[in-house]
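Here the structure is laid out as structure tokens; the discussion comes afterwards.
The values are calculated or read from the model by the stated rules, or taken from the named source; none is laboratory data. If you're wondering where the values come from, they're calculated on a predicted model, not measured in any experiment. Cβ placement follows ideal geometry from the backbone for every residue including glycine, while neighbour counts extend to all protein chains displayed. Heavy atoms of the whole protein, side chains included, go into the accessibility calculation; ligands, DNA and RNA do not. Shrake-Rupley method; radii C 1.70, N 1.55, O 1.52, S 1.80 Å.
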Amino acid sequence: MADPVAIARDLIRCPSVTPAEGGALAFLESTLKAAGFTVHRMTFSEPGTDDVENLYARIGTAAPHLMFAGHTDVVPAGDPAIWSHAPFSADIADGVLYGRGAVDMKGAIACKVAATLDYLAATGGKPKGSISFLITGDEEGIAVNGSPKLLKWAAGRGEKFDHCVLGEPGNVNELGDTIKLGRRGSQNGVLVVAGKQGHVAYPHRAENPVRGLVKLMSALMDEPLDAGSPKFDPSNLEFTSIDIGNKTVNLIPGEARARFNIRFNDCHNYASLKTLVEQRAEKAAAGKVRWKIDWEPSNADVFYTEPSSFTDVVIGAVAEVTGKTPKLSTSGGTSDARFIKDYCLVVEFGLVGTTMHATDERVPVKDLQVLTAVYRRILDNYFR
Ligand SMILES: [Zn+2]
């Protein structure tokens, strides 16, 4: 039996904080090569961004083609002194494995690798179709030199994917409680209000942009963007920073800005969302506030994968192994499924997300074993 815990520990010990490879992809390369995979290591670049390493590995040439997708990069550990176990030491205490990436998502990658090695051992080293690993090092960063380019590169060399299981930690409380079939979109913007700089003692000679900014912010926060849709929670606009940068106490500033992020559901597309927000700002401004919104480019559109026979394979495997009927969900942040969905049907199932990105990120060893069994069952049922 391949041991997912040993693989997870090896991966966690690679300090692969985005954009560093940290040895994680090299470890996967040697492990998958030894199992008969053809492995490609791809480094992608773009002006103004860090180069990022990625990995694509495939075994088999026939259809159907199941892709296991994931990322080996992790977010920084923060202050290691406040961790109860060093973040990259992969200590196990009381049956729990500690370390940055334990749940997001080196643990799940380890389970996929272990399940695949087991499956291949049972099938004489050959899958009935094809299995691939599409592993990026640029998920936690800006996701420019990761999955989008890796998928495009793979498609360019003729790779055809039928289905994908992405291993993000989407379970809410217990392993088996949630499968993700879609994600809300994400859009950043900056609200900019223009004023006229002047002395605070002579406000009639100036125009304070803070008043207009507060008025427009209130209007945008007061009214919900929608009430949710059958498949999605309500959209949400959240201001994250107010930036005036004025250090002088007797100066009325000339400009005021506020940054915000919108998580939007399938009631909107990029264009209709921007129009809605701008109409509300316009109304609140009532012709008296000089404002504009600078919209950042976004590569995180909303999407939903309709349930299919493939979803049934995943739900069935989860139910058979965990005894639970998973909820089909679209909650939470965005993921690389937003890129993969353009190439094949994608379903997300991984570990429990409670400690992702947190100090003392950790996973029960038992969960790694159960998740490996789920992935193994997916392989059995998929290639039956
Ligand atoms: Zn992740």
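Here K106 is the anchor, and the lysines within straight C-alpha reach of less than 16 Å, apart from those fewer than 8 places off in the same chain, are K366. Here the chain is treated with +1 on each Lys and Arg Cβ and -1 on each Asp and Glu Cβ, and its dipole about the Cα centre works out to around 700 debye.
With θ taken as phi - 60° and the Karplus curve 6.51 cos²θ - 1.76 cosθ + 1.60 applied, the whole-hertz 3J(HN,Hα) list for the range 225-236 is 6, 6, 9, x, 10, x, 9, 9, 5, x, 6, 9 Hz, x standing for glycine and proline. What is the distance in Å between the Cα centroid of the range 321-369 and that of the range 170-193? Each part reduced to its Cα centre gives a spacing of 11 Å. On the range 117-159, 56 percent of the accessible area sits on carbon and sulfur atoms, based on a 1.4 Å probe.
Computed from Cα atoms, the angle from the helix 365-382 axis to the main principal axis of the chain rounds to 70 degrees. Percent of Cα pairs in the range 105-251 per distance bin of 5 Å, from zero to the largest separation: 2, 6, 9, 11, 12, 11, 10, 8, 7, 7, 5, 4, 3, 2, 1, 1, 0.
Working note: Cα atoms of the chain, range along each principal axis, descending, whole Å: 84, 45, 40. For D177, the amide hydrogen comes within under 5 Å of the amide hydrogens of V172, counting only partners 5 or more places away or on other chains and with H modelled in the peptide plane.
Hydrodynamic estimate: the Kirkwood radius of the range 120-189 over Cα pairs, inserted into Stokes-Einstein at 37 °C and 0.692 mPa s, corresponds to D of 214 µm²/s. Taking a straight line from the alpha carbon of K231, these aspartates and glutamates sit under 16 Å away, with near neighbours fewer than eight places off in the same chain left out: D266, D301, E306, E348. For N54, the residues 5 or more places off, or on other chains, whose built amide H falls under 5 Å of its own are M42, T43, F44.
Computed log10 I(q)/I(0) for the range 1-107 at 0.13, 0.15, 0.17 Å⁻¹: -0.55, -0.71, -0.87, from the Debye equation with unit scatterers placed on every C-alpha and solvent omitted. Residues in the range 53-67 carry Karplus couplings, in order, of 8, 9, 9, 10, 9, 9, 10, x, 10, 8, 8, x, 10, 9, 9 Hz; the curve used is 6.51 cos²θ - 1.76 cosθ + 1.60 with θ = phi - 60°, and Gly or Pro positions show x. Accessible area per residue for the range 283-384, computed on protein heavy atoms with a 1.4 Å probe, is 45 Å². Within straight-line reach of K247, meaning a Cα separation under 18 Å, sit the following aspartates and glutamates at least 8 residues removed in sequence or on another chain: E207, E255. Helix 209-222 axis versus longest C-alpha principal axis of the chain: approximately 50°, rounded to the nearest ten. Less than 5 angstrom separates the built amide H of H65 from those of S130, D162, H163, all sequence-distant by 5 or more or on a different chain. Computed from backbone phi with θ = phi - 60° and the Karplus coefficients 6.51, -1.76 and 1.60, the 3J(HN,Hα) list for the range 113-126 is 5, 4, 5, 5, 4, 4, 4, 5, 4, 7, 10, x, x, 10 Hz; x is used for glycine and proline. When only alpha carbons are used to place a centre, the range 117-137 and the range 1-54 end up 17 Å from one another.
Among the trypsin sites (Lys or Arg not before Pro) in the range 129-225, those located in a DSSP loop and surrounded by at most 16 other Cβ atoms within 10 Å of their own Cβ are R157, K160. Computed over the range 249-373, the P(r) tail beyond 18 angstrom holds 70 percent of alpha carbon pairs.
Taking the C-alpha atoms only, the angle from helix 24-34 to the longest principal axis of the chain is near 20 degrees.
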